[in-house]
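Participant: A single structure is presented below for examination.
The values are calculated or read from the model by the stated rules, or taken from the named source; none is laboratory data. Because the structure is a prediction, the values reported are computed rather than measured. Virtual Cβ from ideal backbone geometry, glycine too; neighbours counted across all protein chains shown.
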There are 2 protein chains.
Amino acid sequence: MLDSRFSERDHFFMSRAIELAKQGRFTTTPNPNVGCVLVKDNQIIGEGFHIQAGGPHAEVHALKMAGDNAKGATAYVTLEPCSHYGRTPPCAEGLINAGVSRVIAAMVDPNPEVAGRGLKMLEDAGIETDFGLLTNEAEALNLGFLKRMRTNLPYVRCKLAASLDGKTALHNGESKWITSSESRRVVQALRAESCAVLSGADTVIIDNAKLNVRFDELDELDAKHSTRQPVRVIIDSQNRLTPELALFQQESKIIIARTKLDNSHTWPHFVEQVIVKATNDKVDLPALMAMLAERSINLVLLEAGATLAGKMFEANLVDELVLFMAPKLMGHTSKSLINLPAFDAMSQVPELEIKTLKHVGQDICLHALVKRN
Amino acid sequence: MLDSRFSERDHFFMSRAIELAKQGRFTTTPNPNVGCVLVKDNQIIGEGFHIQAGGPHAEVHALKMAGDNAKGATAYVTLEPCSHYGRTPPCAEGLINAGVSRVIAAMVDPNPEVAGRGLKMLEDAGIETDFGLLTNEAEALNLGFLKRMRTNLPYVRCKLAASLDGKTALHNGESKWITSSESRRVVQALRAESCAVLSGADTVIIDNAKLNVRFDELDELDAKHSTRQPVRVIIDSQNRLTPELALFQQESKIIIARTKLDNSHTWPHFVEQVIVKATNDKVDLPALMAMLAERSINLVLLEAGATLAGKMFEANLVDELVLFMAPKLMGHTSKSLINLPAFDAMSQVPELEIKTLKHVGQDICLHALVKRN
């Protein structure tokens, strides 16, 4: 739907900026994905996207491409240009110095260090500014970053896989290859997009899971340039993990969340034990999520069993469900998808809103947003 | 995909015949849905579809419309023209008498009374014949009729509704409005398409269900012309049904399938008690299905609880699953979708093939075919 405040051309150039921004989705963390397009006489004269934290912002790439031609141009950016000195100088300053005459941002940056100050800086320099073009699409670029900036909590995507009757394992525990290889490949992309993969000690021990990204299984070309592994965060309230597990054979950052330190093992250098306050002898989940946000974790992929997944839903910490379903029927004696309290009325049941629905190989995959009460 | 034996025009006219045939889908039972298009000089000169058993066949409608013009025309029929005297004279004879010069059938009629004899009769009269154009689409018109003709069993479509985690009721039995009003409307259309709705005494008693078609809830215009109620078939192995139930307040044919007669109640005139052989004190399901097929029931909609649905799958009597899922999570203490044996290996689990997947209101609905081993 076109926003009548903006022209069809404005929509076109902002769409291009959004497409550019997406190319950074496996690499920019903890920074947001941002794209920028510079336009003069209806021609794109510069464009770019943010690739990696510490590297140039999208605007810098676009300005460099445009050179002196940027004078008098219109800049389309998917997020308000920054106004503060971080690892790079403020982009608002760069746009001013280049002589850009108009800046349209898809949305204001909720980062407290920006929050309208970028647009203000531009206006004070006499540049025409506007925002609110393709905002939904721009929001979707940065689900994790935006949630963290607004709530000091990460965006949690809960990935689950089951048969059509919502079962995850037979009565004897057998669960190998419920879903297809195509579904498992999609999971690799979900991991690659995430800042952290969160699981529980049980799952890690039972499946002897590594929980790393197998980049060679990714379809997306963009991901081929990335070798960034998400931080693996394992909740181990009973100190049951041991260094022999496959998890620890993969060298990349692991956080073990515990209620008390375990010094009975020697852990590899990439493992950090983090002590989180206990609630009923278990790691307090809201406290853990807040701690992850403090460490600039934007997007968490929860890959857990029925108990931890249920506790995360109960604590209202899950934003999105990604559910893979295999065309099988496993029956009532098999294990259920998610453990929740014994509700007495349908009105107490967690409700979601289905956003997307698709075939993945022989399976189906749906994305649903958790409705907040 | 075009079949190179046939021209693009042939495909176009047969597609039209298939669209026509669909218009009979709420009314033709126990006859098949058939459409016919008569073409001369690349113009449609006559068309029709079978509306109701006992009434004219598709070819008769099309020939009547074409009149004398039918001489030298090509007939496109979705099913081989019949060769036998039933309630109407054979259509092959009608086509011969009208002077049609070419007949293309989408498929041969597996009805033992036809089975190639219709095409043979046409050929013997010097008419050019062919078949095998858009066969899959033609098969889809008559899932029930074709299955019955080929196997002497009805086509069984199992309709189930659950939350995303495959639950149908809370631990205390509450299950009202798990799915949306849109999904319930689609169920009405599924009922209207069926020759019989099959359920168990438990479901009828617990839900006090009528299991009839509420025609005012149907979206489809075609259905507005129909007031045909599917036969309601209720399995009541323990003779638990009583005439006060809502089921018996709706006047239309009911078959109660039992292992022994219940003469302790006076039943309305539209109720028939049918005695089926017992297996483990329960109505033998294959015997019941064979009995329904003998009574010309083509398509059965199974609307049952977890136990009966499971038994039907176990007995290999279900052809298709229609699963509605509401965007809710009900948790492990809730009731499971389907009761099946406690499998020890994933290789024993019933497998399906997902054919269609769509949003229905806030819910999703999928159709899946049961894979035969």
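Participant: From A:A75, A:A62, A:A92, grab the single residue that is buried (at least 22 other Cβ atoms within 10 Å of the Cβ), in a strand (DSSP E or B) and in the same structural domain as A:D130 (by the TED database). It would help to see each step written out before you state the result.
Facilitator: Details: A:A62 fails: in a strand (DSSP E or B); A:A92 fails: in a strand (DSSP E or B).
Answer to the check: A:A75.
Participant: So, B:E320, is that one touching a strand residue (DSSP E or B) at 6+ places or on another chain (Cβ under 9 Å) and without any contact (Cβ under 8 Å) to a residue 24 or more places away in the chain or not? Quick ask: steps written out before the conclusion?
Facilitator: Values: touching a strand residue (DSSP E or B) at 6+ places or on another chain (Cβ under 9 Å): yes; without any contact (Cβ under 8 Å) to a residue 24 or more places away in the chain: no.
Taking the combined requirement at face value, the residue does not satisfy it.
Participant: Also: Taking the residues in the stretch B:1-39 that are of a type in the set (F, W, Y) and in a loop (DSSP other than H, G, I, E, B) as candidates, determine which candidate is nearest to B:L218 (Cα to Cα). Talk me through it step by step, then tell me what you get.
Facilitator: Just the residues of the stretch B:1-39 that are of a type in the set (F, W, Y), to begin with: B:6, B:12-13, B:26.
Then keep just the ones that are in a loop (DSSP other than H, G, I, E, B); that gives B:6, B:26.
Numbers: B:F6: 37, B:F26: 11 Å.
That would be B:F26.
Participant: Can we say B:L119 is within 28 Å of the chain's Cα centre (by Cα) and modelled with pLDDT of 95 or more? Reasoning before the result, please.
Facilitator: Numbers: within 28 Å of the chain's Cα centre (by Cα): yes; modelled with pLDDT of 95 or more: no.
No: the conditions fail for B:L119.
Participant: How many residues, within the stretch B:249-269, are more than 13 Å from B:V233 (Cβ to Cβ), part of a loop (DSSP other than H, G, I, E, B) and not small (G, A, S)?
Facilitator: Count: 12.
Participant: Just the residues that are touching a residue at least 24 places away in the same chain (Cβ under 8 Å), away from chain A (no Cβ under 14 Å) and on the phi > 0 side of the Ramachandran plot, please, taken from the stretch B:280-316.
Facilitator: Residues satisfying the conditions are B:D281, B:S296.
Participant: Taking the stretch B:317-327, which residues are within 13 Å of chain A (Cβ to nearest Cβ) and within 19 Å of the chain's Cα centre (by Cα)? Before the answer, list the steps.
Facilitator: Taking the stretch B:317-327 and keeping what is within 13 Å of chain A (Cβ to nearest Cβ), we get B:318, B:320-327.
Residues satisfying the conditions are B:V318, B:E320, B:L321, B:V322, B:L323, B:F324.
Participant: Restricting attention to the stretch A:28-47, report how many residues are under 21 Å from the mean Cα position of the chain (by Cα) and crowded, with 22+ Cβ neighbours inside 10 Å. Don't jump to the end; show me each part of the working.
Facilitator: Applying the first criterion (under 21 Å from the mean Cα position of the chain (by Cα)) to the stretch A:28-47 yields A:28-36.
Filter once more, keeping what is crowded, with 22+ Cβ neighbours inside 10 Å: A:28-29, A:31-36.
Final tally of qualifying residues: 8.
Participant: Going by the conditions given, is B:M14 more than 19 Å from the chain's Cα centre (by Cα), modelled with pLDDT of 85 or more, crowded, with 17+ Cβ neighbours inside 10 Å and closer than 28 Å to B:L190 by Cα? Reasoning before the result, please.
Facilitator: Values: more than 19 Å from the chain's Cα centre (by Cα): yes; modelled with pLDDT of 85 or more: yes; crowded, with 17+ Cβ neighbours inside 10 Å: yes; closer than 28 Å to B:L190 by Cα: yes.
Yes, satisfied.
Participant: Checking the structure you have, find out if any residue of the stretch A:165-176 is in the same structural domain as A:G310 (by the TED database), touching a His at 6+ places or on another chain (Cβ under 9 Å) and at pLDDT 95 or above.
Facilitator: Yes, some residue in the stretch A:165-176 is in the same structural domain as A:G310 (by the TED database), touching a His at 6+ places or on another chain (Cβ under 9 Å) and at pLDDT 95 or above.
Participant: Next question, about the same structure. For the stretch B:273-290, which positions are farther than 17 Å from B:R240 by Cα and among the β-branched types (V, I, T)?
Facilitator: B:T279
Participant: What's the total number of residues in the stretch A:273-306 that are under 19 Å from the mean Cα position of the chain (by Cα), in a strand (DSSP E or B) and among the small types (G, A, S)?
Facilitator: Qualifying residue count, the stretch A:273-306: 0.
Participant: Looking at B:A92, B:A66, B:A73, B:A62, which is the one that is at pLDDT 85 or above and over 21 Å from B:G144 (Cβ atoms)? Spell out the reasoning first.
Facilitator: Values: B:A92 fails: at pLDDT 85 or above; B:A66 fails: at pLDDT 85 or above; B:A62 fails: at pLDDT 85 or above.
Sole residue among the options that is at pLDDT 85 or above and over 21 Å from B:G144 (Cβ atoms): B:A73.
Participant: Also: Mind listing whichever residues of the stretch B:335-359 are in contact with a Gly (Cβ under 9 Å, 6 or more places away or on another chain) and part of a loop (DSSP other than H, G, I, E, B)? Before you say what the answer is, go through the steps one by one.
Facilitator: Keep residues of the stretch B:335-359 that are in contact with a Gly (Cβ under 9 Å, 6 or more places away or on another chain), which gives B:335-343, B:349-350.
Listed by number, the residues that qualify are B:L337, B:I338, B:N339, B:L340, B:P341, B:A342, B:F343, B:V349, B:P350.
Participant: Here is a follow-up. So is B:K167 farther than 28 Å from B:L292 by Cβ and surrounded by fewer than 23 Cβ atoms within 10 Å (Cβ to Cβ) or not?
Facilitator: Details: farther than 28 Å from B:L292 by Cβ: yes; surrounded by fewer than 23 Cβ atoms within 10 Å (Cβ to Cβ): no.
When the stated conditions are applied, B:K167 does not pass them.
Participant: At positive phi and in contact (Cβ under 8 Å) with a residue 40 or more places away in the chain: which single residue out of A:L164, A:L146, A:L141, A:L134 fits that description? Spell out how you get there, then give the answer.
Facilitator: Details: A:L164 fails: at positive phi; A:L146 fails: at positive phi; A:L141 fails: at positive phi.
Only one candidate passes the filter, namely A:L134.
Participant: In addition: Select from the stretch B:353-373 the residues that are at negative phi and in contact (Cβ under 8 Å) with a residue 40 or more places away in the chain and list them in ascending order. Write out each step before concluding.
Facilitator: Taking the stretch B:353-373 and keeping what is at negative phi, we get B:353-360, B:362-373.
Across the stretch B:353-373, the qualifying residues are B:V360, B:Q362, B:D363, B:I364, B:C365, B:L366, B:H367, B:A368, B:L369, B:V370, B:R372.
Participant: Given (1) among the hydroxyl-bearing types (S, T, Y); (2) crowded, with 19+ Cβ neighbours inside 10 Å; (3) within 25 Å of A:M289 (Cβ to Cβ), identify the lone condition not met by A:T259.
Facilitator: The number of the failed condition is (2).
Participant: Turning to a different aspect of this structure: Residues being under 21 Å from B:Q188 (Cβ atoms) and out of contact with any Phe, Trp or Tyr (no Cβ under 9 Å at 6 or more places or on another chain): count how many of those fall in the stretch B:319-354.
Facilitator: 4
Participant: Might you let me know whether the stretch B:86-105 holds any residue that is within 25 Å of B:L153 (Cβ to Cβ), under 24 Å from the mean Cα position of the chain (by Cα) and not basic (K, R)? Spell out how you get there, then give the answer.
Facilitator: Going through the stretch B:86-105, the residues within 25 Å of B:L153 (Cβ to Cβ) turn out to be B:86-87, B:105.
In the following step, the residues that additionally are under 24 Å from the mean Cα position of the chain (by Cα) were identified as B:86-87, B:105.
Among the residues that remain, those that are also not basic (K, R) are: B:86, B:105.
The answer is yes, given that some residue of the stretch B:86-105 is within 25 Å of B:L153 (Cβ to Cβ), under 24 Å from the mean Cα position of the chain (by Cα) and not basic (K, R).
Participant: Only one residue in A:R184, A:R148 is among the basic types (K, R), away from chain B (no Cβ under 14 Å) and crowded, with 20+ Cβ neighbours inside 10 Å, so which one is that?
Facilitator: On the way: A:R184 fails: crowded, with 20+ Cβ neighbours inside 10 Å.
The conditions single out A:R148.
Participant: Within the stretch B:241-259, is even one residue out of contact with any helix residue (DSSP H, G or I) (no Cβ under 7 Å at 6 or more places or on another chain), of a type outside the set (D, E, K, R) and within 13 Å of another protein chain (Cβ to nearest Cβ)?
Facilitator: No, the conditions are met nowhere in the stretch B:241-259.
Participant: Testing A:D109 on (1) under 22 Å from A:E19 (Cα atoms); (2) acidic (D, E); (3) in a loop (DSSP other than H, G, I, E, B); (4) modelled with pLDDT under 85, one condition comes back false. Which one is that?
Facilitator: (4)
Participant: Okay, next question. Looking at the stretch A:236-253, is at least one residue surrounded by 19 or more Cβ atoms within 10 Å (Cβ to Cβ) and β-branched (V, I, T)?
Facilitator: no
Participant: Look at the stretch A:338-356 and say how many of its residues are surrounded by fewer than 17 Cβ atoms within 10 Å (Cβ to Cβ), within 15 Å of B:L164 (Cα to Cα) and at the interface with chain B (Cβ under 7 Å from one of its Cβ atoms).
Facilitator: Counting residues in the stretch A:338-356 that are surrounded by fewer than 17 Cβ atoms within 10 Å (Cβ to Cβ), within 15 Å of B:L164 (Cα to Cα) and at the interface with chain B (Cβ under 7 Å from one of its Cβ atoms) gives 1.
Participant: Might you check whether a residue that is within 20 Å of A:E137 (Cα to Cα), among the hydrophobic types (A, V, I, L, M, F, W, C), in contact with a Gly (Cβ under 9 Å, 6 or more places away or on another chain) and surrounded by fewer than 22 Cβ atoms within 10 Å (Cβ to Cβ) occurs anywhere in the stretch A:103-125?
Facilitator: Yes; the residues of the stretch A:103-125 include at least one that is within 20 Å of A:E137 (Cα to Cα), among the hydrophobic types (A, V, I, L, M, F, W, C), in contact with a Gly (Cβ under 9 Å, 6 or more places away or on another chain) and surrounded by fewer than 22 Cβ atoms within 10 Å (Cβ to Cβ).
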